[in-house]
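Asker: I'd like to ask some things about the structure below.
Read the figures in this text as sums done on the coordinates, not as results from a lab. Bear in mind the structure is a predicted one, so any value in this text is a computation, not a measurement. In this analysis, Cβ positions are derived from the backbone assuming ideal geometry, glycine residues included, and neighbour counts consider all displayed protein chains.
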């Protein structure tokens with residue numbers, strides 16, 4: 001049996017990201033992935049026994065890259081609002097720097113494939129992001145009724161939709177627009193004093 005190496009596996013995954021961003025999930029065949037990665041198709045099957053297995057690993061790879069980017073230099077001990085700001089602006093930056101990965105992630109999330117490839121496969125990758133949401137809920141700042149993923153979605157989904165508009169239709173948003181989105185999202189998740 002051939003020895004596997006991470007560099008070659010990542011080349012396959014990166015080529016698959018580029019192809020799927022351009023052709024869609026179903027438009028990227030194993031032979032196309034082989035050609036784009038410069039790795040023989042037979043060798044790809046050493047790393048991934050099927051396209052389904054490749055998609056499972058790709059889903060985790062894209063989400064892991066996203067979470068690592070978001071958490072880089074993240075000060076979990078900053079104020080809750082500062083943590084949300086950092087999360088939001090890092091998410092916007094990720095969408096801008098990694099449009100292919102963003103498109104692939106969106107394809108997974110917009111189809112049943114994310115369910116088929118096993119969402120449980122990636123849940124723990126989001127846990128560091130949940131920490132500041134849970135802290136905000138314990139401190140009485142963030143609504144306790146909302147699951148952390150729902151809270152984070154108030155911020156990430158609005159930004160994602162704007163970036164999708166830029167990718168697909170040429171729409172754009174400046175930092176002021178994003179600041180308004182952040183402020184509206186923040187207002188939606190915080191506890192307001194009841195009078």
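Asker: In Å, what Kirkwood hydrodynamic radius results for segment 133-186 from the alpha-carbon pair distances?
Answerer: Value: 12.3 Å, from the Cα pair sum.
Asker: Continuing with this model, one more query. Take every Cα pair under 8 Å in segment 62-189 that's 6+ residues apart, average their separations, divide by the length, and report that relative contact order as a whole percent.
Answerer: In percent, rounded to a whole number, it is 28.
Asker: May I pose another question? Once you place label points 7 Å from the Cα toward the Cβ at residue 76 and residue 93, how far apart are they in nm?
Answerer: 1.9
Asker: How far apart, in nm, are the 7 Å Cα→Cβ label points at residue 173 and residue 147?
Answerer: The answer from the label model is 2.4 nm.
Asker: Then there is this: Show me the ranking of peptides 151-158, 68-75 by mean Cβ neighbours inside 10 Å, starting with the highest.
Answerer: The peptides rank, most packed first, as 151-158, 68-75.
Asker: Considering Cα pairs under 8 angstrom that are at least six residues apart, work out the relative contact order of segment 1-101 and quote it in whole percent. Write out the running numbers ahead of the final one.
Answerer: On the way: 59 pairs, mean separation 27.5, N = 101.
Relative contact order of segment 1-101: 27 percent.
Asker: Shifting gears a bit: Within 10 Å, count the other beta carbons around each residue, average over each peptide in 134-147, 83-96, and list them highest first.
Answerer: My ranking of the peptides, most packed first, is 83-96, 134-147.
Asker: Okay, moving on. From zero up to wherever the largest Cα-Cα distance of the chain sits, split into 5 Å bins and tell me the percent of pairs in each.
Answerer: 1, 7, 14, 17, 17, 14, 11, 8, 5, 3, 1, 0, 0, 0
Asker: Can you pull the semi-axes for segment 1-58, root of five times each eigenvalue of the Cα gyration tensor, sorted largest first, whole Å? Could you put the intermediate results ahead of the total?
Answerer: Working: eigenvalues 61, 24, 20 Å².
Values for segment 1-58, descending: 17, 11, 10 Å.
Asker: I want to check the label-to-label distance for residue 46 and residue 134. Put each point 7 Å from Cα in the C-beta direction and report it in nm to one decimal.
Answerer: Those two pseudo-labels are separated by 4.1 nm.
Asker: In degrees, nearest 10, range 0 to 90: what is the angle between the Cα axis of helix 99-109 and the longest Cα principal axis of the chain?
Answerer: Once rounded, one gets 80 degrees.
Asker: If you fit an axis through the alpha-carbon atoms of helix 6-23 and take the longest principal axis of the Cα set of the chain, what angle between them do you get, 0 to 90°, nearest 10?
Answerer: For 6-23 against the chain, the angle is about 80 degrees.
Asker: What do you get for the angle between helix 123-138 and the principal long axis of the chain? Use alpha-carbon atoms, 0 to 90 degrees, nearest ten.
Answerer: Helix 123-138 sits roughly 0 degrees off the main axis of the chain.
Asker: Under the 0.36 nm per residue contour assumption, what length would be gained going from the current alpha-carbon distance of residue 69 and residue 5 to full extension?
Answerer: Answer, rounded to one decimal: 20.7 nm.
Asker: Then there's this: Just order 17-27, 164-174 by mean Cβ neighbour count inside 10 Å, highest at the front, would you? Write out the running numbers ahead of the final one.
Answerer: On the way: 17-27: 16.5, 164-174: 11.7.
The most tightly packed comes first, giving 17-27, 164-174.
Asker: If contacts are Cα pairs under 8 angstrom and at least 6 residues apart, what is the relative contact order of segment 1-49 in percent?
Answerer: 40
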